[in-house]
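To keep things clear, I will list the structure first and then write my remarks on it.
The values are calculated or read from the model by the stated rules, or taken from the named source; none is laboratory data. Predicted model, so just to flag it, every value in this text is computed and none were measured. Ideal geometry is used to build each Cβ from the backbone, glycine not excepted, and the neighbour counts take in all protein chains shown.
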Ligand SMILES: [Zn+2]
C-alpha cells in the first residue's frame with residue numbers, strides 16, 4: 001500500500017510554535033525549581049511538591065503559581081501536537097482507490113471508493129460519476 005503524506009505548512013508551523021512555547025514555559029519552571037530540588041534524593045516528588053507550592057513572580061506585583069504554568073505548558077504542548085497531527089493528511093492509495101469520471105465535462109478524479117452520487121470537482125454539478133478504472 002502506498003502512502004502519500006501531504007502536509008499543511010501553516011498548521012505545522014503553528015504546531016511547532018505551540019510546542020516551543022510549551023517547552024519554553026516548562027524550561028522556565030525547571031529553571032526555577034532546579035536549585036531547590038536538584039539536591040533532593042527523590043527528585044521527581046521534590047519537583048512535584050515544589051511545582052504545587054511555589055510561585056513565580058512575573059512582574060514586581062504579579063505572581064503566578066508554578067502549577068498554573070505547568071498546566072499551561074502542558075496545554076500548549078498538547079495543542080501543538082494536535083495541530084501537527086491535523087496538518088498531516090495521509091492518503092492511502094490502495095486497491096480501493098478508483099478513478100471517477102463526470103458524465104458532463106468528462107473530467108476524471110480519484111476517489112477512495114466508487115460513489116453513487118458525487119459533486120463534480122470541475123463543473124460543480126451533482127452527478128452520478130462513472131468509475132472508469134481501478135487503481136492499484
Ligand atoms: Zn463535471
(request) Answer yes or no: is there a residue in segment 91-113 that is assigned to a strand (DSSP E or B), touching a helix residue (DSSP H, G or I) at 6+ places or on another chain (Cβ under 6 Å) and either modelled with pLDDT under 85 or not assigned by TED's automatic domain parsing to the domain that holds residue 130 (or both). (result) no
(request) With the checklist (1) surrounded by 13 or more Cβ atoms within 10 Å (Cβ to Cβ); (2) within 16 Å of the ligand (Cβ to nearest atom); (3) modelled with pLDDT under 80 in hand, flag the one item residue 132 doesn't pass. (result) (1)
(message) Could you go through segment 58-73 and let me know if any residue there is modelled with pLDDT of 85 or more, under 26 Å from residue 8 (Cα atoms) and away from the ligand (no atom under 16 Å from the Cβ).
(response) yes
(request) Might you let me know whether segment 30-42 holds any residue that is touching a strand residue (DSSP E or B) at 6+ places or on another chain (Cβ under 8 Å), assigned to a helix (DSSP H, G or I), over 22 Å from residue 87 (Cβ atoms) and at pLDDT below 85? (result) yes
(message) Against the definition (within 23 Å of residue 20 (Cα to Cα), surrounded by 13 or more Cβ atoms within 10 Å (Cβ to Cβ) and either assigned by TED's automatic domain parsing to the domain that holds residue 8 or modelled with pLDDT of 80 or more (or both)), how does residue 80 come out, yes or no?
(response) yes
